[in-house]
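Below is one structure, written out as structure tokens; the observations come after it.
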Amino acid sequence: MSEQRITAIGVKSGEPTLAVPNVPILSSERNAWDGIFVEQHRLRSAQIPELSVPKHLICIQLSSEVELNWRVAGEREQSRLLTADDISFTPAGLPRMVRWKQQVEVIFISLEPESITRAVHDSVYANDIEFAPKWGGRDPQIQYIGLALKAELETGSLNGRLYGEYLANALAVHLLHRYSVAMPTIQNFTGGLPMNKLRKVTEYINDNLDQDLSLDAIAATIGMSCYYFVRMFKQSTGLTPHQYVIERRLNRAKVLLTTTDLTILEISFRIGFKSQSHFTRLFRKLTGITPRAYRG
């Protein structure tokens with residue numbers, strides 16, 4: 001079975017299967033986002049037998065009303081009328097059956113449990129984190145993150161890997177705050193990064209602009225969790241890590257465009273873009289002109 005889909009385990013069969021059998025209309029299959037996977041589906045009426053999903057599964061409803069029936073861990077079946085923007089959340093490993101009778105359009109977000117502990121490992125004081133499921137109702141933060149991930153996929157991941165992982169980190173921390181059964185204490189850090197750590201991080205970024213930088217790898221250079229690092233970095237620079245990396249890449253691109261004879265394709269690769277078209281689209285979005293026009 002392909003690993004590029006959201007998968008589950010059949011409770012009765014014990015066999016791996018797809019959590020949603022339909023072919024998605026949008027997917028993060030080609031993205032290198034660590035710990036998170038996104039699919040958008042247009043689903044007809046169906047019943048999905050009792051499955052256990054090994055990762056946290058979030059569903060954001062995009063279409064209008066649908067009546068959802070569900071049964072969790074063999075308990076009594078329940079139902080609720082869901083409307084656009086309603087959220088459902090199934091914690092990892094919780095067996096559940098779901099069925100609906102109307103066509104519905106949804107976003108599914110699969111988040112590895114390790115993403116939560118990894119995101120906040122130096123800020124959470126708890127040995128075990130237990131989550132409560134949610135069936136319907138609004139959660140503006142999850143909706144915002146889900147729609148931002150959807151928009152990023154629709155643009156071909158224009159903002160790059162770091163942006164997707166930044167959103168995944170924000171989602172992990174929000175789930176911990178909002179849906180953990182016993183809320184662990186999360187430290188608040190203020191004052192920004194110490195100068196020596198900020199220097200080490202920015203040097204690492206500038207030395208590796210041609211690489212596919214990940215949020216975990218950047219935070220690891222100074223031994224911090226993503227949660228701690230993102231907050232401190234923004235306090236120090238006024239930018240999120242992905243905004244800073246994009247700024248550094250574009251500034252270097254401008255220097256290379258005006259001081260070298262490198263082709264635009266060569267420049268694209270030297271500053272970490274996978275294709276010339278990706279670089280051109282982002283450069284034009286942020287500067288208003290193409291790299292070729294900037295070069296003159």
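What the table shows:
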| item | result |
| --- | --- |
| Residues of region 228-246 classified as over 17 Å from the mean Cα position of the chain (by Cα) and in a loop (DSSP other than H, G, I, E, B), total | 2 |
| Exclusive hit being assigned by TED's automatic domain parsing to the domain that holds K134 and either touching a residue at least 40 places away in the same chain (Cβ under 8 Å) or over 20 Å from E152 (Cβ atoms) (or both), set E29, E75 | E75 |
| Number of the condition not met by E50 [criteria: (1) within 21 Å of the chain's Cα centre (by Cα); (2) surrounded by 14 or more Cβ atoms within 10 Å (Cβ to Cβ)] | (1) |
| R249 at pLDDT below 95 and surrounded by 18 or more Cβ atoms within 10 Å (Cβ to Cβ) | no |
| Qualifying residues in region 79-94 (those that are among the hydrophobic types (A, V, I, L, M, F, W, C) and more than 20 Å from the chain's Cα centre (by Cα)) - the one farthest from S110 (Cα to Cα) | L81 |
| Exclusive hit being within 20 Å of V181 (Cβ to Cβ) and in contact with a Lys or Arg (Cβ under 9 Å, 6 or more places away or on another chain), set A19, A32, A73, A46 | A73 |
| Q61 vs. criteria in contact (Cβ under 8 Å) with a residue 12 or more places away in the chain, polar (S, T, N, Q) and closer than 19 Å to R99 by Cβ | yes |
| 1 or more residues farther than 23 Å from H56 by Cβ: qualifying helices (runs of 4 or more DSSP H) within region 135-227 | 140-154, 195-207, 215-220 |
| Residue selected from region 199-233 under the condition of a type in the set (D, E, K, R) and under 22 Å from R249 (Cβ atoms), by the criterion surrounded by the most Cβ atoms within 10 Å (Cβ to Cβ) | D216 |
| Failed item, numbered, when N196 is tested on (1) free of Cβ contacts under 8 Å to residues at least 40 places away in the same chain; (2) surrounded by fewer than 16 Cβ atoms within 10 Å (Cβ to Cβ); (3) within 20 Å of T90 (Cα to Cα) | (3) |
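The values are calculated or read from the model by the stated rules, or taken from the named source; none is laboratory data. As the structure is a computational prediction, the values presented were derived from the model and not from experiment. Glycine also receives a Cβ, built like all others from the backbone with ideal geometry; neighbour counts cover every protein chain displayed.
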